[in-house]
Amino acid sequence: MIHDNAWTTYSNNDIKELEKLSSDYIEFLNNGKTERECTELIVEMARNNGYRDLNEIIEKDEKLSKGSKVYAVNMGKAVMLLNIGDDIVRDGMNILGAHLDSPRLDIKQNPLYESDELAYLNTHYYGGVKKYQYVTLPLALHGVVCKTDGTTVKISVGEKEDDPVFFVSDLLIHLAAKQLEKTAAKVVEGEDLDIIVGSKPLKGEEKDAVKKYILGFLKEYYGIEEDDFLSAELEAVPAGKAREAGFDRSMIIGYGHDDRCCAYPSAVAMFDVPEVRTTACGLFVDKEEIGSVGATGMESHFFEDMMREVLDRMGIYSELNLTRCLRRSRMLSSDVSAGYDPLYADRFEKQNAAHLGHGLVFNKFTGSRGKSGSNDANAEYIAHLRAILEKNNVIFQTAEMGKVDAGGGGTIAYILSLYGMEVIDSGIAVLSMHAPWEAISKADIYEAYKGYKTFITEG
């Protein structure tokens, strides 16, 4: 069922709130182009809203109780927020979960080389990308370089007006006859996504003079040696700011909507509900785009371990209490959905597609084809969500990820469902998902915020 377009329902006050949220989100998107940067921004917001570092509470041997607000950071790339309510074991938690990583080009560990007087950084693409979309695109470098002396150098180059940018070259159309005969998957190969970073030779050098010039620059401005790339995490992302889109300014185009357009309203909802009856939890994790693996992905034990610490600080820890708390919880796996695109209508089943401007999207299941790899939410849970959202005038829709045999996708939902809790995917419709520049509706991020806030208070 496709509900009315949300824009037709708004009062002047709604529009004012919507524009404020959208403006703040654009700022978040511009300042958070990596999972590390997003984690830092969320932690800053948490501190400003009275949340304390869980590690500090543990070190000081302090207790937690109803009304306590804490956060815990996982390796600088994921964060958990917790606002403790009445009885965390009896009632479980209302959990908002999103991911902070986005598709990009990662710089390899031995990346810098010179070829015919051009200096390159070798890359390895991260997540599901159409590789041809990354050529001739202005790119910025973000990340950290960790040195053996224990210091960490933060890198962010390509975002300021006077910053240089980087790029991947493409074959000119005049010589591309054979290239254009290839399929889209092969027209640009992964090993061809190397970034050009310089072309000026160092005077007096005969071999690798351009590479040596770049190394000299890195040494002078950042104190970085070539070997320091071995312990660096650098990401090449589209350079430039998110922008309002359309004559009516109804949309936002930018890098990283997947999944920061769900993470941001989830975080704001957490902070805008200072007191809760049922414990509220915000999970913002890494590595979803490559299967939620690793120490900072949802499959790690970080969330479970932090809950052990919380229950211990409350004086009620036992494995049985932890199991009961998790099993009695409810979750909105806040991840994006494929926005219906009339130009590619044959890939969608229109009646069960997510439409821009029609509010928060619920995917009862994701996965692919025969629901493979899916969390299939219970009808009873969906009915409960419908009731509280309709009561609070939240506009929402339901959708699938394209036609049955068209492909598919996954989220972190199935991982949390393993605890026995109720979980459903809920997020925002995105056009051009996983492209360097994606588009969403301002109305949808506003409805997502309203929906997440309702879930925290009444879920």
Based on the mean of other beta carbon atoms within 10 Å per residue, what is the order of 78-84, 166-172, 334-340, 297-303, most packed first? 334-340, 78-84, 297-303, 166-172
Mean separation of Cα contacts under 8 Å, 6 or more apart, over the residue count of the chain: relative contact order %: 23
Which aspartates and glutamates have a Cα lying under 18 Å from the Cα of Lys20, excluding residues fewer than 8 positions away in the same chain? Glu244, Asp248, Asp272, Asp444, Glu447
Relative to a virtual label point 7 Å from the Cα of Asn378 in the Cα→beta-carbon direction, which members of the range 311-344 show backbone nitrogen distances below 17 Å? 323-333
Starting from the Cα of Asp87, step 7 Å toward the Cβ, then list every residue of the range 57-78 with an amide N under 15 Å from that point. 66
DSSP-assigned coil residues among GluC sites (Glu not before Pro) in the range 146-248, each with at most 14 further Cβ atoms within 10 Å: Glu161, Glu189, Glu205, Glu206, Glu225
Using θ = phi - 60° and the Karplus relation 6.51 cos²θ - 1.76 cosθ + 1.60, list the HN-Hα couplings for the range 128-144 in order, rounded to whole Hz, with x at every Gly or Pro. x, 10, 8, 4, 5, 6, 9, 8, 6, 10, x, 10, 10, 9, 10, x, 9
If I compute solvent accessible area with a 1.4 Å probe over the protein chains, what percent of it on the chain is carbon and sulfur? 50
Given backbone amide H placed at 1.01 Å from N, residues whose amide H is under 5 Å from that of Gly198, ignoring those fewer than 5 places away on the same chain, are Ala119
Starting from the amide H of Met251, placed 1.01 Å from N in the peptide plane, find each other amide H under 5 Å away whose residue is 5 or more places distant or on another chain. Ala245, Lys442
Projected area, mean over directions - the range 267-391, Cα convex hull, nm²: 10.7
Return a whole-number percent for the relative contact order of the range 85-158, with Cα pairs under 8 Å and 6 or more residues apart as the contact set. 19
Residues whose built amide H sits under 5 Å from the amide H of Met93, excluding neighbours closer than 5 in sequence, are Ser329, Arg330
So what is the accessible area of the chain per residue, in Å², with the probe set to 1.4 Å? 46
Relative contact order (%) - the range 130-240, alpha-carbon pairs under 8 angstrom, separation at least six: 38
Using Cα-only point scatterers and the Debye equation, what is log10 of I(q)/I(0) for the range 89-224 at each q in 0.12, 0.22 Å⁻¹, rounded to two decimals? -0.62, -1.47
From the phi of every residue in the range 97-109, what ³J(HN,Hα) in whole Hz does the Karplus formula 6.51 cos²θ - 1.76 cosθ + 1.60 yield, where θ is phi - 60° and glycine or proline is x? x, 9, 10, 9, 7, 9, x, 5, 10, 8, 7, 5, 6
Under the Kirkwood approximation applied to all pairs of distinct alpha-carbon atoms, what is the hydrodynamic radius of the chain in Å? 23.4
So the compactness index of the range 24-107, its C-alpha Rg divided by 2.2 N^0.38 Å, takes the value 1.25
Return the subset of Lys66/Lys364; Lys33/Lys241; Lys16/Lys450; Lys160/Lys203; Lys350/Lys391; Lys33/Lys182 for which the Cα-Cα distance in this structure is over 22 Å, preserving the input order. Lys66/Lys364; Lys160/Lys203; Lys350/Lys391; Lys33/Lys182
Helix 379-391 vs. the chain, principal-axis angle (Cα, 0 to 90°, nearest 10): 90
Can you run phi through the Karplus equation (6.51, -1.76, 1.60; θ = phi - 60°) for the range 71-83 and list ³J(HN,Hα) in whole Hz, with x for Gly and Pro? 9, 9, 10, 10, 6, x, 10, 7, 8, 10, 10, 9, 10
Which of the three applies to the range 221-296, rounded, prolate or oblate, going by the alpha-carbon gyration tensor with a ≥ b ≥ c and a/c under 1.5 meaning rounded? oblate
Calculate the tail of P(r) for the range 1-56: the fraction of all Cα-Cα distances greater than 16 Å, expressed in %. 62
P(r) for the range 149-212: what percent of alpha-carbon pairs falls in each 10 Å bin, starting at zero? 15, 27, 33, 20, 5, 0
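The values are calculated or read from the model by the stated rules, or taken from the named source; none is laboratory data. Here the structure is a predicted model, which is why all the values come from computation and not from measurement. All Cβ positions, glycine included, derive from the backbone under ideal geometry; neighbour counts span all protein chains shown. Remember, those area values only see protein heavy atoms, side chains included, never the ligands or the DNA or RNA. Shrake-Rupley method; radii C 1.70, N 1.55, O 1.52, S 1.80 Å.
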